[in-house]
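A quick write-up on the structure given underneath.
The values are calculated or read from the model by the stated rules, or taken from the named source; none is laboratory data. Everything numeric in this text was worked out from a predicted model, so none of it was measured. Here the Cβ is made from the backbone with ideal geometry for all residues, glycine too, and neighbour counts use every protein chain on show. Accessible surface areas use protein heavy atoms only, side chains included; no ligands, DNA or RNA. Shrake-Rupley method; radii C 1.70, N 1.55, O 1.52, S 1.80 Å.
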Amino acid sequence: MESKRQFISFGLCAAIIMLLWLQFFAPDQAVNPPDQPINPPVQTLSKKDAETTGETSDTLEEPAPSSTTENTDPTPNPSEDRPEQKLDSSELTSGSPEPPLRDDLTLGSLDQSESNPFKIQVTLSNRGAAIKGIQLTEIMDENQDGPLQLIDPEISPETDSFLISLVSENKELTRLLAKKNWDWKVEKSLISDDENDIATDILFTTTIDTWDGLQVSKRFRIHPNSYKIDLSIHWELPQEAPSREVSYRLQTANGLPLEGKWYALRFIEVVVESREGKNDRNTAKDVSNSINTNGEGPRWSEQDTYWVATDSQFFAAVTIPDQDAQDPWIDYSTATIVETDKTDVNWSDASYELTTRAFLLEPGNPATVQSYRIYAGPKSSDIWKESIPDVPLDSLMNYGWFGALSPYMLWLLKFFNSFGINWGLCILMLTVVVRSAMFPISRKQALSAQKMQALAPELKVLKEKHKNDAKKMQAAQMELWRKHKVNPLAGCLPMFLQLPIFIGLYWSLRLAFELRQASLIPGLWWCSDLSAPDRLFAFPAFIAAGLDSLSGFPLLGSLFSLGPYFNLLPIITVIIFLIQQKLFMPPPTDDQQAMQHKVMNFMMIFFGFLFYKVPSGLCLYFISSSLWGIAERKLLPRSSTAVPAPPAEPKRKKKKKTSTRS
C-alpha cells in the first residue's frame with residue numbers, strides 16, 4: 001500500500017511539472033490565420049471605386065460646414081445608416097497620381113565611428129509623412145549581418161508607422177482628405193548636426209484647399225545619444241475660414257522583427273498603460289481572436305492612455321502622448337492587426353491606433369499642436385531611462401508569475417558585469433549566491449535523505465511484518481520516523497522554495513537584453529548568445545525538416561520539435577541530472593522501487609526535451625547548480641549519515657516490597 005502511495009505521489013509530481021512546463025515554457029502551437037479578413041472593414045474610396053463612379057476629387061463640391069463637422073462621439077451612432085468613415089493616408093483617389101517615393105529622407109546616421117552621436121537612423125516617407133523604417137546604429141541584427149531594423153518596412157509594406165487617419169462622417173470629405181494626405185511637401189534639415197552634416201529634424205506640410213485651406217504639418221526630430229523621437233502635429237485654419245472640429249487616428253509603430261522564431265516563447269505583443277499603472281497586454285493571437293464585427297480589436301477606453309507600445313522579446317517602440325492628465329485629448333486606443341502572417345497568426349504584426357477627441361479649430365488662432373514622444377530601442381531600464389527618464393516603462397518587462405524576483409536577479413548579473421566580468425562567469429557567480437542562500441535548507445534536505453536511506457532496512461522489516469495490514473504498517477512507519485526525528489516531507493520543501501527562484505531566473509535570462517548576443521567564450525560561435533540555445537552545429541536540412549514537422553502534433557508537438565540546431569548544453573544538463581540521481585537515490589529493494597527508478601530515468605530524458613530550447617545561460621545555471629549540489633552532498637560529514645538512536649524508554653520505578661512479619 002505504501003509503495004502504491006509513493007508511486008501515486010510521484011505521478012502527481014510529474015503531472016505538476018508537466019503543467020508548469022505547459023504554463024511557462026511551452027510555446028503556442030502554430031495557428032493558421034482565420035479565413036475572414038482581419039483588417040477592419042473601413043469604407044474608404046479606393047482607386048477602383050473612383051474609376052467605377054467616374055468621380056474625382058476635382059469635381060467635388062465644397063462640403064457644407066455642418067456636414068464636415070466631425071463626430072465627437074467615438075461610439076458609432078446606431079441611428080446612422082452609414083458607418084463611420086476613416087481616412088487612411090495610404091488610400092489614393094483617381095486623378096491624383098502617386099508622387100515619386102524619395103529615398104533621401106533620413107534622420108540620424110548608421111556611421112559606426114565615434115564621431116557619430118546618433119543611436120538611430122529614421123527613414124521617412126513623403127507618402128503620408130510617416131516613418132518607413134528605424135535602424136539601431138550600435139545594435140546588430142540576429143545574424144550580426146548589419147544594424148538591426150527595429151521597424152522593418154518589409155514586414156508591413158502597405159502600412160507605414162505614424163500615419164494619420166482623419167475621422168469623418170462625411171464620405172466626400174473622407175475621399176478628399178485621402179487625396180490630400182498624399183500631397184505632402186518636405187522641408188528638410190530645419191536643424192542639423194553641422195559637424196557631421198546629419199539631418200536631425202524634418203517637417204512635412206500639406207494644405208487642404210477644399211476644406212477652407214486647413215493647414216496640417218508633421219514634424220519629426222531625433223536627438224543625439226538617445227533612442228527618442230519627437231513627433232508634433234500642427235493644425236491651423238486661415239483667418240477667413242469657418243470654425244471646424246477635427247478628430248483623427250494615429251497608427252503607432254509596427255513592423256518590429258521577430259528573432260529566434262524556432263525557440264522564442266513570445267512574439268509581437270501590444271501594451272497600453274494608464275497613469276495609474278493599470279495596463280493591458282495582448283499578443284497578436286489575442287488581438288486576432290478579439291476582432292469584433294466592426295473590425296476592431298481590444299479597445300482601451302475606461303482608463304486614460306499614458307502610453308502604448310509594440311514590443312518583441314528584446315525591443316519596443318513606445319508612443320507617449322504629451323497630454324495633460326486632467327484634460328487628455330486621446331479618447332481611446334484600439335489594438336489592430338497590421339499584417340497577418342499566413343503561416344502562424346502568432347507571428348502577425350500588431351499595433352495600436354490612438355483616436356483623439358474632437359477638438360475645435362478657430363480661424364486665425366495659433367496652431368493647435370499635439371505632441372508625442374517615441375521610444376524606439378532595447379527593453380532595458382538602464383537604456384530607456386536615459387532617453388525618457390520621466391516615463392515608467394517597467395511593465396514592458398513582463399516576467400509573469402514570480403516576476404518580482406527576476407529584476408533582483410538581473411540586477412545581480414549587471415552588478416557582477418559592472419566589474420568587467422564575462423556574462424557567463426556572472427551567471428556562475430549568481431549560482432554561487434543563490435545556492436549559498438539556500439544552503440541551510442538544502443543541507444537539511446540532504447541530511448533528511450541520508451536518514452531515510454539509513455532507515456531503509458528497518459522499513460523493509462516493517463513492510464514484511466505488516467504486509468497484510470496497511471493500517472498497522474502506516475502506524476509503525478510513522479512511529480519509526482517519529483522516534484528518529486525524520487520528516488519525510490523535508491526533501492520537498494527545498495524544491496518548492498527553489499521553484500520561484502528557478503522561474504524568476506528563467507524569465508530574467510530569457511528577457512535580458514544585456515545577454516542578447518553575449519558570448520560564453522568571446523570569439524567562439526558556439527554559445528555566442530546566452531539568451532538563446534547554444535547551437536553547436538546545424539542539423540542537415542532533411543533532419544531539421546523532419547523535426548519541424550513534429551510541431552504539428554497537439555499539446556506536446558512543440559516539445560519534440562527541436563529546431564534546426566544541435567544544442568549541447570541541455571544534453572550535458574541531463575547527463576549531470578542522471579549522475580546526481582545515481583549517486584544519491586537509494587538502490588531499489590523491491591520491484592515497485594525498481595519501477596520508480598525507471599520512471600525517474602525516463603523523467604530525466606523528458607527534461608532533456610523540456611530544456612532543449614531554453615537559453616544557454618539557463619542551462620549554464622542548471623549545470624553549475626547541479627555540480628554544487630553533488631559537491632554539497634559529498635562533503636557532508638560521514639557522522640551525519642548515522643541515524644540517531646531512538647530515545648530510550650524511561651525505566652519504570654520498581655515498587656519496594658514490604659515484608660510483614662507474622
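So here's what we get for this one:
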| item | result |
| --- | --- |
| Quarter of Cα convex hull surface for region 354-449, i.e. mean projection, nm² | 11.2 |
| Calculated diffusion of region 399-443, Stokes-Einstein form, Kirkwood radius summed over Cα pairs, 25 °C and 0.890 mPa s, µm²/s | 215 |
| Subset of Lys185/Lys218; Lys444/Lys582; Lys285/Lys342; Lys471/Lys582; Lys278/Lys385 violating a 22 Å alpha-carbon distance limit | Lys471/Lys582 |
| Lys385 - accessible surface, heavy atoms, 1.4 Å probe, Å² rounded to 10 | 110 |
| Thr207 versus Ala545: modelled label distance in nm, points set 7 Å from Cα along the beta carbon direction | 6.2 |
| Taking the C-alpha atoms of region 399-553, convex hull volume expressed per residue in Å³ | 224 |
| Summed side-chain charge close to Thr305 - residues other than Thr305 whose Cβ falls under 14 Å, Lys, Arg +1, Asp, Glu -1 | -4 |
| Kirkwood Rh in Å, taken over all unlike Cα pairs in region 213-321 | 16.9 |
| Computed over region 565-636, Cα set: Rg, Dmax in Å | 13.5, 42 |
| Dipole magnitude of region 298-456 about its Cα centre (Cβ charges: Lys, Arg +1; Asp, Glu -1), debye to nearest 20 | 1480 |
| Phe602-Tyr408 pseudo-label distance in nm [points 7 Å out on the Cα-to-Cβ vector] | 3.9 |
| Accessible area in square angstrom per residue, region 242-300, 1.4 angstrom probe | 35 |
| Positive minus negative residues near Asn567 (Lys, Arg vs Asp, Glu; Cβ under 9 Å) | +1 |
| Residue-count net charge about Val486 - beta-carbon cut-off 13 Å; Lys, Arg +1, Asp, Glu -1 | +3 |
| Virtual spin-label span in nm between Gln215 and Leu583, 7 Å along Cα→Cβ | 7.9 |
| Cα-based equivalent ellipsoid of region 281-387: semi-axis lengths in Å, sorted from largest, via gyration tensor | 28, 20, 12 |
| Computed magnitude of the charge dipole of region 297-350 (debye, nearest 20; Cβ of K, R +1, Cβ of D, E -1) | 200 |
